[in-house]
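Single-structure report; data block below.
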Amino acid sequence: MSTAEFLDAAGDLLAIPSTADRPEQLRQALEFAVRAAGPATVEWFESGGKPSALLYHGSTRPAFRALLNAHLDVVPAAPEQFRPRREGDRLYARGAHDMKVSALLEVLTFRELAGSLPYPLGLQLVTDEEVGGRHGTRYQLEQGVSAAFVLIGENSNLDIVADSKGLVHAWLHATGRAAHGAYPWLGSNALVSLIGTVNNLLARYPVVREEAWRTTVNVARMDTTNRAVNQIPADASAWLDIRFPPEDADFSGQPESRILAHLSQFCEPGVTVTIDHTDPPHHADHELPELKQLRQAARAQGYLGNFLRKHGAADGRFYSQRGIPAVAFGVGGAGQHGPEEYADLTTVEPYRRALAEFLRDLS
């Protein structure tokens with residue numbers, strides 16, 4: 001496929017507004033990628049209303065020596081971000097950086113090489129990574145999909161993401177006693193108790209002003225059912241997004257009950273914690289032969305192939321939990337989830353060549 005043909009195909013894929021609230025567009029993006037992958041056996045999956053697919057050559061699903069993973073869903077954006085535009089070496093669109101350009105390159109590499117490699121190569125396409133990945137990658141793993149090594153095409157500028165933070169999503173629930181706002185001694189303000197608890201947490205985990213490899217707490221939402229300015233709130237709630245590195249012993253390797261006990265220490269009277277879900281950190285051993293070969297392939301294209309640590313969670317954690325090494329390796333760019341998201345087109349051809357070289361040399 002020529003550069004012009006690739007850019008046309010990328011533009012068509014980026015124009016699909018495949019957000020979580022658009023099931024028809026999720027399926028449209030998935031079917032587009034499956035068609036682009038060429039002749040192959042396709043297993044279709046669906047869980048929680050989110051479709052996914054697994055592609056390989058042969059009539060029976062193998063245990064894959066290598067598996068390429070890509071997500072085709074994107075976060076919401078203004079309508080104009082689904083009209084891709086090129087400015088010099090930048091391709092602007094929602095999903096250009098995260099991660100439809102890398103996804104299409106994985107698809108085309110699978111099409112080119114899967115039938116000629118001396119080992120089974122799989123292509124895993126999912127549509128729910130941006131909302132947690134539990135109905136795509138994790139669901140396929142629960143259905144028996146297995147691999148010796150997984151390469152996820154998340155953006156990395158040809159560096160290698162071998163470490164990512166774990167996460168905890170938790171709710172704070174505060175209860176008080178309603179009363180007239182002019183007579184605070186007759187009530188108990190649940191919102192004040194909630195704010196006190198949040199302040200206790202932020203005193204322990206201050207808001208980060210620059211990049212730091214430590215535990216962070218994002219207060220994503222605070223709410224109360226009270227809608228009267230002259231009433232003391234009897235209830236309040238907050239949503240916490242907690243990200244933690246493997247070194248934090250209060251979270252890493254701990255069962256949910258221990259994490260719950262740890263968070264409860266920060267609660268003011270009348271405030272309780274519930275945990276929505278937890279995921280451990282993702283890690284791949286830097287000394288693995290596959291990672292050494294991937295670094296060599298990146299360096300052959302003039303890139304350093306450095307190891308990166310990412311603060312966000314990605315689908316690699318589901319493999320890491322099962323002892324399957326997984327890394328992210330993709331094109332360059334910037335602005336993911338923002339109004340000026342773009343892919344760096346100067347990295348497209350080096351990425352394609354590095355990915356192909358890695359797969360050909362993989363023993």
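The values are calculated or read from the model by the stated rules, or taken from the named source; none is laboratory data. If you're wondering where the values come from, they're calculated on a predicted model, not measured in any experiment. All Cβ positions, glycine included, derive from the backbone under ideal geometry; neighbour counts span all protein chains shown. Accessible surface areas use protein heavy atoms only, side chains included; no ligands, DNA or RNA. Shrake-Rupley method; radii C 1.70, N 1.55, O 1.52, S 1.80 Å.
Miscellaneous remarks
- In degrees, nearest ten, helix 348-361 long axis to first principal axis of the chain (Cα): 70 degrees
- In nm, spacing of pseudo-spin labels at Asp8 and Ala203 (7 Å Cα→C-beta vector): 6.4 nm
- Model label zone, Asp223; criterion: amide N under 20 Å from point 7 Å along Cα-to-beta-carbon; scope region 116-138: 131-132
- Of interest is the spacing of the C-alpha centroids, which for region 110-133 and region 192-267 amounts to 37 Å.
- Placing unit charges on the Cβ atoms only, positive for Lys and Arg and negative for Asp and Glu, gives region 275-337 a dipole magnitude near 240 debye about its Cα centre.
- Nearest 10 degrees, 0 to 90: helix 101-113 Cα axis against the chain principal axis: 30 degrees
- Of all the options Gln336, Gln25, Gln143, the one that moves most in a Gaussian network model of the chain with Cα springs shorter than 10 angstrom is Gln143.
- Unit charges at the beta carbon, dipole of region 135-272: most positive-side option, Thr197, Gln140, Gly153: Thr197
- Taken about its Cα centre, the chain carries a charge dipole of roughly 220 debye when the Cβ of each Lys and Arg holds +1 and the Cβ of each Asp and Glu holds -1.
- Region 85-147 - charge dipole about Cα centre, Lys and Arg +1 at Cβ, Asp and Glu -1, debye rounded to 20: 160 debye
- DSSP bridge pairs, the chain: antiparallel proportion in percent, nearest 5: 75 percent
- Its relative contact order, with pairs defined as Cα atoms under 8 Å and 6+ residues apart, puts the chain at 22 percent.
- Exposure here means at most 15 other Cβ atoms within 10 Å; with GluC sites (Glu not before Pro) in a DSSP loop as sites, the longest stretch of the chain lacking them is 1-209.
- Every Cα-Cα pair in region 58-124 was counted, and those over 15 Å apart are 61% of them.
- Of the residues Leu67, Ala77, Pro51, the one whose Cα sits farthest towards the positive end of the charge dipole of region 50-93 is Leu67 (charges of +1 on Lys and Arg Cβ, -1 on Asp and Glu Cβ, taken about the Cα centre).
- Dipole of region 232-311, positive end: most advanced residue of Pro281, Val271, Ile232 [Cβ charges, Cα centre]: Pro281
- This structure gives Cα extents along the principal axes in Å, computed directly, and of [x] 63, 47, 40; [y] 56, 54, 44; [z] 77, 43, 39 that value is listed as [z].
- 0 to 90° range, to nearest 10: angle between helix 190-204 axis and the chain longest Cα axis: 50 degrees
- The smallest convex shape that holds all Cα atoms of region 221-322, its convex hull, gives 156 Å³ per residue.
- Longest stretch of the chain clear of exposed loop sites (trypsin sites (Lys or Arg not before Pro), DSSP loop, at most 13 other Cβ atoms within 10 Å, sites excluded): 1-208.
- Accessible area per residue in Å² at 1.4 Å probe, computed on the chain: 44 Å²
- Prolate/oblate/rounded label for region 23-139 (Cα gyration tensor, a/c 1.5): oblate
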